[in-house]
Amino acid sequence: MTKTNTDFDINQFNIIEEPFFATQSNETSLYSAAYNSRLPVMIKGPTGCGKSRFVEHMAFKLGKPLITVSCNEDITASDLIGRFLLDSNGTRWIDGPLTLAARHGAICYLDEIVEARQDTMVVIHSLTDHRRELMLDKKGELIKAHKDFQLVISYNPGYQSLMKDLKQSTKQRFTGIDFNYASADLEASIVVKESGIDSNTAEKLVKLAQTTRNLVGHGLDEGASTRLLNYAGTLIKEGIDAKDACHMALICPITDDAEVRATMGGAIDAIFD
């Protein structure tokens with residue numbers, strides 16, 4: 001006997017508490033307009049600049065459930081769509097996250113989509129044009145997407161390569177919003193809010209982050225993110241010495257190069273002495 005998970009409760013994916021998000025420009029109005037028209041959205045920006053937090057914030061603001069998939073090179077089409085499983089009662093069909101979102105009317109967020117294989121991503125095409133449908137070949141079912149369904153993807157253009165880039169046939173199915181790190185004043189206020197440290201210390205952390213970002217292409221693939229600044233601030237709030245917190249949160253995670261570490265260490269000394 002074949003069963004399906006029709007009793008699934010989509011409300012478990014509702015965002016209960018409003019995620020903190022500091023608006024930089026008109027990104028919230030742009031996203032809202034796209035959602036109102038059910039247009040798919042592509043969000044591009046560096047690591048730790050707030051892409052995922054933004055999607056969570058918008059899902060909460062719109063009152064829609066959010067199903068997030070962290071993409072990787074091992075993810076298959078079946079991981080997104082679903083598969084048959086055997087149990088003691090027979091064969092049971094389990095919807096994947098993409099199918100659940102399309103069937104029940106959630107926002108489906110594919111985070112770092114370029115990490116997934118290109119052949120896997122082809123399955124999203126029919127959901128991102130006028131058809132708004134998903135064919136479950138193994139099940140012989142055609143799903144017409146729920147009126148509230150929306151597809152959102154994100155990735156970091158700084159890590160793109162010829163082997164890890166989206167095909168134009170995929171890119172041109174999405175609207176796009178560019179993200180970057182916030183201005184110094186706004187980023188410092190974010191660190192204050194997220195970590196609870198004082199504004200003076202937050203400003204120093206942001207200054208240090210800007211120093212690391214200036215080293216991109218000169219020993220660093222990417223500078224310290226706002227997320228890492230929040231980590232450093234949290235450690236400082238816990239009583240860790242500021243320099244030690246910076247070494248732990250801002251140097252160790254982003255480089256193993258001794259010369260670059262020495263340069264960053266010198267910046268820490270200069271800023272926090």
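The values are calculated or read from the model by the stated rules, or taken from the named source; none is laboratory data. Predicted model, so just to flag it, every value in this text is computed and none were measured. As a convention, Cβ positions derive from the backbone with ideal geometry for all residues, glycine included, and neighbour counts pool all protein chains shown.
A few comments on the model shown:
- When every residue of segment 110-117 is checked against the conditions, at least one turns out to be charged (D, E, K, R), assigned by TED's automatic domain parsing to the domain that holds residue 14 and at positive phi.
- Residue 240 being outside any helix (DSSP H, G or I), modelled with pLDDT of 95 or more and either charged (D, E, K, R) or surrounded by fewer than 21 Cβ atoms within 10 Å (Cβ to Cβ) (or both): yes
- Conditions (1) surrounded by 14 or more Cβ atoms within 10 Å (Cβ to Cβ); (2) in contact with a strand residue (DSSP E or B) (Cβ under 6 Å, 6 or more places away or on another chain); (3) without any contact (Cβ under 8 Å) to a residue 40 or more places away in the chain; number of the one not met by residue 85: (1)
- Taken as a whole, segment 102-110 holds no residue that is modelled with pLDDT under 95, in contact with a Lys or Arg (Cβ under 8 Å, 6 or more places away or on another chain) and surrounded by 18 or more Cβ atoms within 10 Å (Cβ to Cβ).
- Inter-residue pairs, beta-carbon under 8 Å, first under 19 Å from residue 113 (Cα atoms) and in segment 56-68, second assigned to a helix (DSSP H, G or I) and among the basic types (Lys, Arg), 6+ apart: none
- Filtering segment 64-82 to residues that are among the basic types (Lys, Arg) and surrounded by fewer than 19 Cβ atoms within 10 Å (Cβ to Cβ) leaves nothing.
- In a residue-by-residue description of segment 217-234, the property of being part of a loop (DSSP other than H, G, I, E, B), touching a strand residue (DSSP E or B) at 6+ places or on another chain (Cβ under 8 Å) and buried (at least 17 other Cβ atoms within 10 Å of the Cβ) applies to at least one position.
- Every test in (1) part of a loop (DSSP other than H, G, I, E, B); (2) loosely packed, with under 15 Cβ neighbours inside 10 Å; (3) assigned by TED's automatic domain parsing to the domain that holds residue 115 is passed by residue 173 save one, and that test is (2).
- In segment 20-41, the count of residues that are outside any helix (DSSP H, G or I), free of Cβ contacts under 8 Å to residues at least 40 places away in the same chain and crowded, with 16+ Cβ neighbours inside 10 Å is one or more.
- Taken over segment 23-69, the criterion of being β-branched (Val, Ile, Thr) and more than 12 Å from the chain's Cα centre (by Cα) is satisfied by 23, 28, 41.
- Looking across segment 103-140, the residues that are closer than 23 Å to residue 11 by Cβ and not hydrophobic (A, V, I, L, M, F, W, C) come down to 103, 104, 105, 109, 111, 132.
- Residues (more than 21 Å from residue 64 (Cβ to Cβ) and loosely packed, with under 13 Cβ neighbours inside 10 Å) located in segment 139-157: 140, 142, 157
- Candidate set: segment 42-63, residues that are in contact with a helix residue (DSSP H, G or I) (Cβ under 8 Å, 6 or more places away or on another chain) and over 28 Å from residue 254 (Cα atoms); chosen: the one surrounded by the most Cβ atoms within 10 Å (Cβ to Cβ): 58
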